[in-house]
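One structure below.
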There are 2 protein chains.
Amino acid sequence: MIVVLTGGTGGAKFVQGLQQVVPAAQITTVVNTGDDLEWWGLHVSPDLDSITYAMAGLLSRERGWGVDDDTFHCLEVIGRLGAPTWFQLGDRDLAVHLVRTQLLAQARTLTQATERIIRRLGIASRVLPMTDAAVETRVMTPAGELSFQEYFVRERWKPEATGVKFLGAEAARPANGVLEAIHKADSVLIAPSNPITSIGPILAVPGIREGLRHTPAPVVAVSPIVAGAAVSGPAGKLMQSQGLPVSIEGVARAYADFLDALIIDQRDADQTSGVESLGIAVSATKTIMRSLGDKEALAQAALAAAARAVKSRALETR
Amino acid sequence: MIVVLTGGTGGAKFVQGLQQVVPAAQITTVVNTGDDLEWWGLHVSPDLDSITYAMAGLLSRERGWGVDDDTFHCLEVIGRLGAPTWFQLGDRDLAVHLVRTQLLAQARTLTQATERIIRRLGIASRVLPMTDAAVETRVMTPAGELSFQEYFVRERWKPEATGVKFLGAEAARPANGVLEAIHKADSVLIAPSNPITSIGPILAVPGIREGLRHTPAPVVAVSPIVAGAAVSGPAGKLMQSQGLPVSIEGVARAYADFLDALIIDQRDADQTSGVESLGIAVSATKTIMRSLGDKEALAQAALAAAARAVKSRALETR
């Protein structure tokens, strides 16, 4: 069983690659829900949906979020009716939010609602929210505190980020199955997602970070930072807000207490010493995922690094 | 001010005609909400929406309900996710239900939510639900009790109707403005809607029937029964279940305690004696509304009958 901790965009691509090399039934994803929001009265889980759509082959390639070839007719009328439209939901996408919201209203957990949705879409993998509790990523800016989607989508991550917090995380418990999956995994992979606001909320749920430290499985991350900048999105700005360098070393430091190996881009191959000095193995490869072949090769590289980590541990303990 | 008591289908067409001859700002509709349902977790008010869409020029001519030229992409995915789809909501239509549901969740009344929606769509008329309370039309059948939409849409009104009840009506109060509108109207028109399950629920809200009896305004109805059958829908079957003949006399009897005049179709011009014997004036015209011209002429006929009723009352009281 391969466990993947992931956010939405980069993680969704990574998971598509992994599906090419590992049977779907052997993949468990543990997904960030710190970006979840109530929108038009519905419970929207952007990262869960990106992973779900990616696995079902429904993810829009063009947009990187939402359902491929979707229409936005509801949104148009919502706008006419005076409701906010800066967060866009397509017509097909809406169905998932409607069904999820109804299941939650019927006292199902987010884990159960997600399970129902992925099974109906024919996905054989497990897709687990990091927690069933409400954990809300908040971004501090000089103009005040924003929800993650306000910061990321509405303000297009232009405001300076002075800090990040995960409201509700302390009282949250990992969703059913998360700790067990991490403990029993053959490998744990950290997708090339934002370490602060995609992987960060997952690690903020009490028990998960500790589970990663103690799992017998190798833990391998893919760096979302290439050549001193994030491949996409605000990861760089947010790492700075946490006092981390925007580099592969910054990524390694965010995960140093549990990471066995870091996959970095070839362009950073001259910067490995800072990572290796943390006791983390490094493998350089092409990490920018444009084609399905790129995604598959990156997944292969991550699995190979995990296999090497197992071997090197076996040597150490001999 | 012209007040129209109405359901969805026939009433929506009638209101479109009325808009041709009376300024929209002088029309107040009082709309059946006994058909309202919770669907996909949303509060759906089919008759309010038909009237709203008709007045905004958005009503689908093809279907007679929902938004013109709408798509059903959300519905397709909802079906894939295993939720029921026998009641269809289009993608544009969904926007209204989402906004209404949110306003109700924010403790606005249905009257306030409707006001917000119609203003945003540029409608100058008043559109009032009959009540802000939950009143649910239930249809008894040999196989058990059904909600109106289960009977009408899901079962396509095939089951025998043995009775009708309006759950919650006794405790309901007319929505703000309804009784005042009826009292101050220049004319009150009863649209050619189903007397049992479209106009019936409105009359079941305590105070409305009495308001119609005592208003100084003439009250004129348009018969939805032509040549011994309903123009559309289950009005005939439901009138039978209430012991009413399926004829213009049956319609007149349903409204006998407050009606001044009944507009009937020319084809029923030989059957006026039963209506007239109830003290109700009769005008025969073409009542089938195919073109906008048909709708306009029918509205003109109803207003003319109202004017005649005023005159004849003035003569009586001289």
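The values are calculated or read from the model by the stated rules, or taken from the named source; none is laboratory data. All of these numbers come straight from a predicted model, not from anything done at the bench. Please note: Cβ atoms are built from the backbone with ideal geometry, for glycine as well, and neighbour counts cover all protein chains shown.
Some notes on this structure:
- The residue of segment A:112-135 that is farthest from A:P174 (Cα to Cα), among those that are part of a helix (DSSP H, G or I) and touching a strand residue (DSSP E or B) at 6+ places or on another chain (Cβ under 6 Å), is A:I118.
- Residue count for segment A:58-117, restricted to those that are more than 15 Å from A:S45 (Cα to Cα), facing chain B (nearest Cβ under 7 Å) and in contact with a Phe, Trp or Tyr (Cβ under 9 Å, 6 or more places away or on another chain): 4
- Among the residues of segment A:57-77, those identified as of a type outside the set (D, E, K, R), outside any loop (DSSP other than H, G, I, E, B) and over 17 Å from the mean Cα position of the chain (by Cα) are A:V67, A:H73, A:C74, A:L75, A:V77.
Per-residue answers, yes or no, for (1) aromatic (F, W, Y); (2) modelled with pLDDT under 95; (3) over 24 Å from A:T131 (Cβ atoms):
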{"residue": "A:T9", "(1), (2), (3)": "no, yes, no"}
{"residue": "A:W39", "(1), (2), (3)": "yes, no, no"}
{"residue": "A:L81", "(1), (2), (3)": "no, no, yes"}
{"residue": "A:F87", "(1), (2), (3)": "yes, no, no"}
{"residue": "A:L103", "(1), (2), (3)": "no, no, no"}
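- Number of the exception - A:Q26 against (1) more than 14 Å from chain B (Cβ to nearest Cβ); (2) surrounded by 23 or more Cβ atoms within 10 Å (Cβ to Cβ): (2)
- Cβ pairs under 6 Å, 6+ apart, first in segment A:248-275 and over 18 Å from A:A299 (Cα atoms) and among the polar types (S, T, N, Q), second in a strand (DSSP E or B) and modelled with pLDDT of 95 or more: A:T272/A:V282
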